[in-house]
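See structure below.
Please treat every number below as a calculation from the coordinates, not as lab data. Computed from a predicted model, the values in this text were never measured in an experiment. Because the Cβ atoms are built from the backbone with ideal geometry, glycine has one as well, and the counts that use them run over all protein chains shown.
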């Protein structure tokens, strides 16, 4: 095999080229695995960190942003979910001594690290920033394609980009395309053409091509790092063991249709919505009994406005965060719950399910379920995360007609676990610590790259 032919084959490999810089010394308050991940992301320049809840994504993105600010001598902008901005500012300054400026428009921007809510993006000029961070980047799936494109377009003029999320994705095409687009790795059309095929006659369902699987994981590992625990990339994880999660189901009686002796399980989406509306009273009553009789903080998750209003009235001292509240009110109440000002918070996963750190709470109630596994995962992880010191108890209160919803979530839970296992197997284990000691700055190199360089 000639050198020219080897060079030709190598040129056809799809990998994301490094676009970063030598970061130098990183702060000692970072755990060794956090130094590794932050160093790797800085050298990449445009990267994604898929790390489980409680693994320090906040401090890693703050150190990344500070290094980019220092390197470019320009401000850095972090986009975050509502209320996470204030939480990040407090953690940055109190825990790590990194100043973070909460901003609402370009006029508020300072020469440092600036953070704002995703919804405020249109108030900023992308050309003013040296770096951009997406905190809880999986939230992009919750937005319309027009809004996601706005974020991608905004980032186009910013060289250094970082995406951080705890969701054990990318386990679907949408997640991969969103992140690859944002980072400028490949467009959605290119990702599909290279690695996927249509699943049957559907234009919205795609499967990984069998012959492209190895190349897909190689490509993904060139710009994303997935970590469930520090052990996934070769570090000690004794400080990162999750407490037990206890899921306790409570099934209340559903509506009995005319002509039937017993409730009939809801078969389709419309039936499920009707079943949920018809059982609001019984589910709220059961939840209120549990929360009012159990001391300590509680997070009560719901999905319908009728549920939220009824829960606030039925639970002693509960504070409600609803969609129609002003952004300032939502943030104030969520931070108030974090600070212990409110014992019980009632809200929806779509409002407060992303980014909040509520390890002080170990009792959770779901007053019904939607079919969204991601909302379930994000909501439960507000409390069940690394740093939680107690076993977490999640009460799942559903009508006996909602069995199909519960089964659907359980199926998606198994699929997500399998996909994350595969993701870490192909990606996380490819990254080896090259001559790394705890006191040194780590250097990241995929094992497959090392092997081919020999």
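Give the relative contact order (percent, whole number) for the range 14-112; include only Cα pairs under 8 Å separated by 6+ residues. The partial results should precede the final answer.
Values: 87 pairs, mean separation 21.9, N = 99.
22 percent.
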Please give the Cα centre distance for the range 110-164 versus the range 207-226, rounded to the nearest Å.
25
For residue 187 and residue 156 in the same chain, what is the full-extension length gain: residue separation times 0.36 nm, less their Cα-Cα distance, in nm?
9.9 nm
If we count other beta carbons within 10 Å of each Cβ, what is the order of 40, 223, fewest first?
40, 223
Remind me, relative contact order of the range 245-401 in percent, using alpha carbon pairs under 8 angstrom and six or more residues apart?
35
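If R₀ is 45 angstrom, what is the calculated FRET efficiency for the pair residue 277 and residue 211, using the beta carbon separation as r and rounding to 0.05?
Working: r = 48 Å, r/R0 = 1.07.
It comes to 0.40.
Pull out the extension gain between residue 289 and residue 149, defined as 0.36 nm times the separation in residues minus the alpha carbon to alpha carbon distance; nm, one decimal.
On the way: separation 140, 0.36 × 140 = 50.40 nm, distance 4.52 nm.
Going from the current span to full extension adds 45.9 nm.
Mean 1/r over all different Cα pairs, inverted: what Kirkwood radius does the range 245-401 give, in Å? Walk me through the numbers before you get to the answer.
Working: mean 1/r = 0.0627 Å⁻¹.
Radius from the Kirkwood sum: 15.9 Å.
If we count other beta carbons within 10 Å of each Cβ, what is the order of 179, 362, fewest first? Could the numbers behind the result be given before it?
Working: 179 25, 362 22.
Sorted ascending by nearby Cβ count, the order is 362, 179.
Of 356, 420, 334, 120, how do they rank once you tally other Cβ atoms within 10 Å and put the fewest first? Could the numbers behind the result be given before it?
Values: 356 23, 420 20, 334 26, 120 16.
Arranged by neighbour count, lowest to highest, 356, 420, 334, 120 become 120, 420, 356, 334.
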